[in-house]
Each structure stands twice: as structure tokens, then as C-alpha cells.
2 protein chains.
Amino acid sequence: MGKLERHATIADVAALAGVSVGTASKALNGRGSLREETRMRVREAARQLSFEANAGARSLHSGRTYTVGMITTDTIGRFSIPVLIGAEDALGAGEMSVFLCDGRDDPIREQYYVRTLLSRRVDGIIVTGRRTEARTPIAADLPVPVVYAFISSADPGDCSVVPDETGGARKAVEHLLAVGRTRIAHVTGPEHHNSARVRAAAALERLAQEGLEPAAPPLFGGWSEAWGRQAVGILLAGRTEFDAVFCGSDQIARGVCDALRAAGRRVPQDVALVGFDNWDVMTEGCQPPLTSVDMNLEGLGRSAAEMLLAAINGSPSPGRHALPCHLVVRESSAVPLP
Amino acid sequence: MGKLERHATIADVAALAGVSVGTASKALNGRGSLREETRMRVREAARQLSFEANAGARSLHSGRTYTVGMITTDTIGRFSIPVLIGAEDALGAGEMSVFLCDGRDDPIREQYYVRTLLSRRVDGIIVTGRRTEARTPIAADLPVPVVYAFISSADPGDCSVVPDETGGARKAVEHLLAVGRTRIAHVTGPEHHNSARVRAAAALERLAQEGLEPAAPPLFGGWSEAWGRQAVGILLAGRTEFDAVFCGSDQIARGVCDALRAAGRRVPQDVALVGFDNWDVMTEGCQPPLTSVDMNLEGLGRSAAEMLLAAINGSPSPGRHALPCHLVVRESSAVPLP
DNA sequence: GAAAACTAGGAAAACGGTTGCCGGAAAGCT
DNA sequence: AGCTTTCCGGCAACCGTTTTCCTAGTTTTC
């Protein structure tokens, strides 16, 4: 299996087909007026040399590279990946290639990437990250459009696409109410984490709307299973009874589930359980399978990419766009048999 | 926050500095012989216009683009991501940018990506994927070097970097032997899956080396927790006793752990448990924390990137390179107190 | 049968950089 | 003063494509 020595150029193709370079270009791009026979001859020559036009040279002329940069603020993680996949998919369909840049929470590294992307003349940039918090804009006065996905920009003039976590939390509570639960507790991540606060606030508000109090003040802790287990201890030690727990993440929910079972409470008969993220590993591993809020991250990535493409074509969509979450109901919150 | 209209060109810089284009280029790249004063003047002009040399135009001349393509055979998943991160890191250090391409198990899509990457004149390509199986080469006679990471190429002349799963499985068994277990069972994924077969074979072989039989024939099933739980049922129903289970994945191990506890067997006192993958979500979520084999995927990605860089610079490393796995010991296999 | 109207394809100028070569000016030497 | 050397920096070619303009040849038209 030899290695082809070098890439064929259009000059090679032209020579082989016995035409000028310009004519070869026209033949391959369907421009100009050429005899069909000539066109075929050139195409055949190109095929024979497995010619692929040099995209760099081409974009030199067109001013567009058909590439975009994707920068992750923090690390490429569980949340940024679906966003990334969705975006890659939508962009690939538009014949655009994606530069991957892992920011690693390092501002220096991030700025280096921004410069690199600009020198590569990307047509646009997507910024994403692990959390939904608003962040300072990646740079001021960039010559290309930028879209923030999942994470959002602190500048309201920038285009950000985020999940509607408030709506998602509300849906979770509404579902628990619909299956007849009224003594609902909330266990979630650290209070300094934006998502934890937003989801907790939305849950409380929705309960208040029904004239209900939560079964306990929201329990802020970590995003781990261990915290979920620990939180159950706290709930059981408290005086008030509870018939449902809405958790800020699936991992917490799983911990809660395991601890409840260990304490002899049945899920969902005694306690209904709803998680957040709809992460298959957790929802399927949980016994019983876990009801959860899905943020549709892949769709979010896709939307972000579409907005970026629109912006590149001159129709920006500034502002913060919140995409709906939806609830996926499974056995952990199924109505108990009468 | 306005938008800069267009990228400054070196001609703009030259004009502002009052020198010719060629001189400007030399000043910025430290070539030629120029007065220090001139150099500074040009640099200042470049800074003022926030000039970034057009990488496409530049590579037109140098013949190198300082980009590589990363194609995932199947989907961007739990295994390909660390590989990808490692590779991106190593390449970024070498000032190379990465094109991300998600093959999605679709050969058409894959071929499209190969063509695109070639037209973008990448300096090399890394192919990765979800499984370690050998795959047919991505294409014959490519004009750029290719390295397969995690997945491997069926052509032994290609460069592949893979984890030494055999060694990893052996280490797991050796560890169980070292903590005094002799009646060891093996629960793993589907038999048609390469990793399942390789790991099982290595485990059996290592046992045989001690003159031992497994506590039961290897149990092939799925990679899920559910299968792990189910497998415990099978083991308990069998006649032979067992004092350890080596699992083909952490998810299986976790299922096994939960089911053992539910059946009243203590981990690690009654049964020691070792998983595979060292996936934090599982090893930490498990009660007790899970001992597991780590394939060092990030390091693998890094190695692959380094080999690719070497190949680009003219020193290819053909063949299949197996990188060592290591065992991370946690409580699930701790020696029981005497 | 000549002028007008097409048609097919070539020549050359971009696009944005890099680099080898060369010439002019200043400085050093006799 | 005249010659050589050194130092700066400009000129132009080149990288691979696209596109505009133009010309020569072929048809059509009256």
C-alpha cells in the first residue's frame, strides 16, 4: 500500500485533459460555457488523478472558508458533547467543517484558540460549556459571528441558545402533582451552581402556585449519587413526611432511589421520583427506571448551529433563546396501582 | 459592540507602516535583515489593525496546513471522547488545529469526510471509535499519514494505537489472586464483541496459569447494569461457590454489586469485585467504590497524536502498538479485615 | 456574401502571503 | 577620491483556484 506522493493540482488536471487551467476550473465547477465533451474529458482527468480542489486556495478567492470553530469554555464533558454532536451534524449538512478547541477553563488557552480560529478565517464560532451560567463574552469586536450554546453570554446583545431549565423544573413538579403527590421534596446540587438555584426556584414557585409548601426546604449539596443518598438520611430524620422527591440531576436521583430502597421505602409506591438530565446510564441503571427532564442538548446544538449559519448569511438572531425541556416519564413516578 | 468589518491583510499593515508587503512579512516572521526600528514599526501597525495572517494563504506557500482530521468510525461516545481530548491536547501543543468528524457508523458519511479532509489538505488523520476491533482501513493510498487510535486497522502496515486489554484483564485476575481469591467468576459483554472475548480469554488463561478453573464458565451478555444483576442470579443458582467476580465493564460490575448486596452477600468480604474501564461515574457511585482497570484513553489519544506528528515529519511508526492498562484498587476488592 | 450574434476556451488578474534575488545607499578601506 | 563591503528593503515570482475579459471560430441573418 504505497502512499501517493503529492496532491494533484488543477494544473495537472488541465494538462492531462489538454485544456487551460481556467477551463479546467470551469469544467469542474459547472461554470462558463464549455462543450459537454470537454467537460467530460476534464472530469475524467480529475478522477484519474483523484483531484480534490485545495480548499485553502479556493477560500482565498471566495473569502469564505466553510469552517467554524467550536470552543468549549471548560472541558469537553457530559453536557457539551451532545451539544457538540448536534452542532457538528447541522454544520456538516451545510458542508461546513468544525475545528474543535478544548478551552479547559483556562482563559489564556481560550484566547489562544480565538486567535488561531481567526487566523484560520473561520466563518463563525460556537462557544459551549459544561454549565448554563452566563459568562463574559469570549472577545469583543470579533469579525465573525459567535453563538453561545448551553452556556450563555453575559452580553444580552450576543446570541445564546440555552435550555429552559425553569420550564423543565416546572414540568417535573406538574407531573408529580398530576400523579397525586403533594408532599414534594427537592434535592439538588451546590447552591453556588446556577442550574441548582434556577431549578429549585422554579420548583418552589410552581408549588406555591398551587398553594403548596415543599416537604422540606430545598437541599443543596453536590451533583453526586453520594449526596443523593446522604440527602435521604436528612429527609428521613426530619419530622415532615414526603411522597415525592424531585432531584436536580439523575445522579442525585439515583442516589436517592438506592437510599430509599435501603430504608424500606418503595419507589414509586411510597415515594415518586423525578430526575433531571435524562441521562440514559442513570435512568436505565436505576431501579425502577427513572422519570427525568430532558434538555434536548443535541437539538440545542443543532439550533445553535442553525442560528450561526443564519448569522453568517447575514441574519443574526441576537438575544437569549430558551429551548423547551420535556419530561420523559418512566416507572419511578408511575401512578401506583389503586 | 460593533463588528469589525473585515480582516486586515498584510497589505494594510505594510501601508500603515510605510513599507512594502514583502518587508512587512519579513518583519512579522523574523526573516530577512531589517533594522530593528522597522521591525517594531511593522509590529506596531499589525497590533493596531489586529492583524492575523491568513493561515490558508500561508499554507498555500508552505505546503502544510497545520491541521489534522479526527474521524470517529462510529459515534462520538464515552470511549472516543477521552481519546479525542488527549489527541487534541497533544496536537494543540504542536500548534495544530483539529477538524472533528463524526462518522456515525455510516461508510458513505465517512468517505465524504475523508474527501473533505483531503480537500482541506490536512497534514494527517486520526481515526478513532467506540470499540477496539480491527476495521478495514479508511482508504487506500492516502497522500497523508493516518493513525488509528483505540480502534485498529486490519492492515498490519497501518499505525494503530490500542489498549492492551489482555494485559489489563490479566492484572485484574492477578490482583484478585493476590488478595486471596481463588473461586473467580467472569461476567462480561456480548460474545460477538471483540473486547468481551479478548478480556475473557486473558482472564481464563491467567487462571489456568495458576492451575485454576473459573468459578463458572464466562457469562457473556450485554454491557449493562441490568445484565450484571441478572448474571448474579445465574451465579447464585449455580452449584459452585465464588469469592470474586471480574467484570468486563464497570456498568456490569455495578449491577453485580447491587444484586449481590440485595442477595445478602457482602462486597468485598464475601465477594471481591473488579470492573473494567475505570469510569468515575460507576466506580464512585458503586457501594463500595469499585476497583477497576484503566485503559488510560487520554494517554492513548496523546500517543496517537504524537505518532501522527512523527509520521508527518517523516518518521512513521507502522504496526499495532498496545499501551499498558493499569489497575486502580478501591474498596470493592480490599482485603477483608482478618 | 458580409455583418451580426454566438460559442468555446485561453490569458491574465486577482486572492493573501512568503521568499529569493537584486540594487541603492552608507560606511570602510586604500 | 575611488573602490569594496555591508546593510536595508523593494521587486517579483510563486503557491492553487476562480473569474473576468477577450479572441478566434462558427452560425445565423438579411
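The values are calculated or read from the model by the stated rules, or taken from the named source; none is laboratory data. Nothing here was measured: the structure is a model prediction, and the numbers come from that model. Cβ: placed from backbone, ideal geometry, glycine included. Neighbour counts: every protein chain shown.
Points worth noting:
- Yes/no for A:Ser25 being within 7 Å of DNA strand D (Cβ to nearest atom), among the hydroxyl-bearing types (Ser, Thr, Tyr) and at pLDDT 95 or above: yes
- Listed by first and then second residue, the pairs linking a residue in segment B:91-119 that is free of Cβ contacts under 8 Å to residues at least 24 places away in the same chain to a residue that is assigned to a helix (DSSP H, G or I) and among the small types (Gly, Ala, Ser), with Cβ atoms under 6 Å apart and 6 or more places separating them unless they lie on different chains, are B:Ser119/A:Ala55.
- Out of B:Asp270, B:Asp250, B:Asp243, sole residue that is touching a Phe, Trp or Tyr at 6+ places or on another chain (Cβ under 7 Å), touching a residue at least 12 places away in the same chain (Cβ under 8 Å), of a type in the set (Asp, Glu) and at negative phi: B:Asp250
- When we screen A:Ala14, A:Ala46 for residues that are within 14 Å of another protein chain (Cβ to nearest Cβ) and over 39 Å from the mean Cα position of the chain (by Cα), the only hit is A:Ala46.
- Looking only at residues of segment B:99-145 that are of a type in the set (S, T, N, Q) and surrounded by 16 or more Cβ atoms within 10 Å (Cβ to Cβ), we find that the one that is farthest from A:Thr65 (Cα to Cα) is B:Thr132.
- Residue match in segment A:287-310 (condition: surrounded by fewer than 24 Cβ atoms within 10 Å (Cβ to Cβ) and without any contact (Cβ under 8 Å) to a residue 12 or more places away in the chain): yes
- Of the helices (runs of 4 or more DSSP H) entirely within segment B:242-338, those holding at least 1 residues that are farther than 27 Å from B:Val232 by Cβ and in contact with a helix residue (DSSP H, G or I) (Cβ under 9 Å, 6 or more places away or on another chain) occupy B:297-312.
- The single residue among A:Ala46, A:Ala15 that is more than 7 Å from DNA strand D (Cβ to nearest atom) and closer than 24 Å to B:Thr65 by Cα turns out to be A:Ala46.
- Restricting segment A:28-43 to residues that are more than 8 Å from DNA strand D (Cβ to nearest atom) and closer than 22 Å to B:Arg120 by Cα, the residue that is surrounded by the fewest Cβ atoms within 10 Å (Cβ to Cβ): A:Gly30
- Test: residue in segment B:48-59 that is touching a residue at least 24 places away in the same chain (Cβ under 8 Å) and under 30 Å from B:Phe150 (Cβ atoms): yes
- Residue count for segment B:60-96, restricted to those that are at pLDDT below 95 and of a type in the set (Ser, Thr, Tyr): 5
- Looking only at segment B:68-90, residues that are over 14 Å from the mean Cα position of the chain (by Cα) and either within 16 Å of DNA strand C (Cβ to nearest atom) or more than 9 Å from chain A (Cβ to nearest Cβ) (or both) come to 1 in all.
- Residue list for segment B:269-286, restricted to those being crowded, with 24+ Cβ neighbours inside 10 Å and away from chain A (no Cβ under 14 Å): B:Val271, B:Ala272, B:Leu273, B:Val274, B:Phe276
A quick yes/no check of all residues on (1) part of a loop (DSSP other than H, G, I, E, B); (2) over 22 Å from B:Ser152 (Cβ atoms):
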{"position": "B:Gly77", "(1), (2)": "yes, no"}
{"position": "B:Pro82", "(1), (2)": "no, no"}
{"position": "B:Glu88", "(1), (2)": "no, no"}
{"position": "B:Leu91", "(1), (2)": "no, no"}
{"position": "B:Val98", "(1), (2)": "no, no"}
{"position": "B:Arg104", "(1), (2)": "yes, no"}
{"position": "B:Glu110", "(1), (2)": "no, no"}
{"position": "B:Thr116", "(1), (2)": "no, yes"}
{"position": "B:Val122", "(1), (2)": "yes, no"}
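- From the options B:Thr182, B:Thr188, B:Thr136, residue that is more than 18 Å from the chain's Cα centre (by Cα), hydroxyl-bearing (Ser, Thr, Tyr) and within 14 Å of another protein chain (Cβ to nearest Cβ): B:Thr136
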